Amino acid sequence: MGNPALARYGSGDVSTPLPGHHLNSELELRALLDGAGLRPTAQRLGLTGLLFGGAHRHVTAGELHLEAAHRRLAVSVATVYNTLNQLVATGLLTQVQVEADCTYYDTNTEPHGHLFYTDTGELVDTPLPTIPRPLQLEGVELLSVDLLFRVRRRR
Ligand SMILES: [Zn+2]
């Protein structure tokens, strides 16, 4: 099972429920979108159902588009991107930039760090260690801290 301090999200069988949103009814999803000031269109309801229906997860726009297609949800790549970015703008998702051309969307908006496995492309949550504060914080407002460890399993 590996390091219990690491919460592995988005995996299949787990004996204990993982933290997440677990919003399974249309009513809950509508409330989520309403709270974010987004009109609950069929496409947004479908996409938020995929994102917030279970345990926390990391997903790319391409992965979400594929999942939507498998569920026969007719939605364009542009709509997937727009919806993801609106959810980021309203604070329901965070973005994790792992490569210049690879962005993950994270349903866990609590502060945490990430391990990115460069060999498999997995992104795994890890608790934030105590981070030394940068020296020049006078007169500025700290908005966020991104901590990404790029790792590879030993062979
Ligand atoms: Zn995460």
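Nothing in this text is a laboratory measurement; each read-out follows from the coordinates by a stated rule. Source: prediction; values computed, not measured. Cβ atoms come from the backbone with ideal geometry, glycine included; neighbour counts cover every protein chain shown.
Derived scalar couplings between HN and Hα for the stretch 57-63 equal 8, 10, 8, 8, 4, x, 5 Hz in order, rounded to whole Hz, by the Karplus curve 6.51 cos²θ - 1.76 cosθ + 1.60 (θ = phi - 60°), x for Gly and Pro. For the stretch 121-152, GluC sites (Glu not before Pro) are listed when DSSP marks them as loop and at most 10 other Cβ atoms sit within 10 Å of their Cβ; the list is Glu138, Glu141. Based on the reciprocal of the average 1/r between different C-alpha atoms, the Kirkwood radius for the chain equals 17.0 Å.
Rounded to the nearest 10 degrees, the inclination of helix 26-35 to the longest alpha-carbon principal axis of the chain is 60 degrees. Neighbours of Gly62, meaning other residues whose beta-carbon lies under 15 angstrom from its beta-carbon, give a summed charge of -3 when Lys and Arg score +1 and Asp and Glu score -1. Nearest 0.05, what FRET efficiency do Arg72 and Arg150 give at R0 = 41 Å with Cβ-Cβ as r? E between Arg72 and Arg150, to the nearest 0.05, is 0.70. Summarising the amide proton neighbourhood of Gly113: residues at separation of 5 or more, or on other chains, whose placed amide H is nearer than 5 Å comprise Thr126, Leu128. What angle, in degrees between 0 and 90 and rounded to the nearest 10, separates the Cα long axis of helix 77-89 from the longest principal axis of the Cα atoms of the chain? The answer is roughly 60 degrees. Share of pairwise Cα-Cα distances greater than 14 Å in the stretch 26-105 is 59 percent (whole percent).
Across the stretch 137-145, computed HN-Hα scalar couplings (Karplus, 6.51 cos²θ - 1.76 cosθ + 1.60, θ = phi - 60°) run 10, 5, x, 10, 10, 6, 8, 6, 10 Hz from first to last residue, x flagging Gly and Pro. Extension gain, Leu27 to Thr109: 0.36 nm times the residue separation minus the Cα-Cα distance gives 27.3 nm. Taking amide hydrogens as placed 1.01 Å from N in the peptide plane, the amide H of His21 sits under 5 Å from those of Gly54, His56, each at least 5 positions away in sequence or on another chain.
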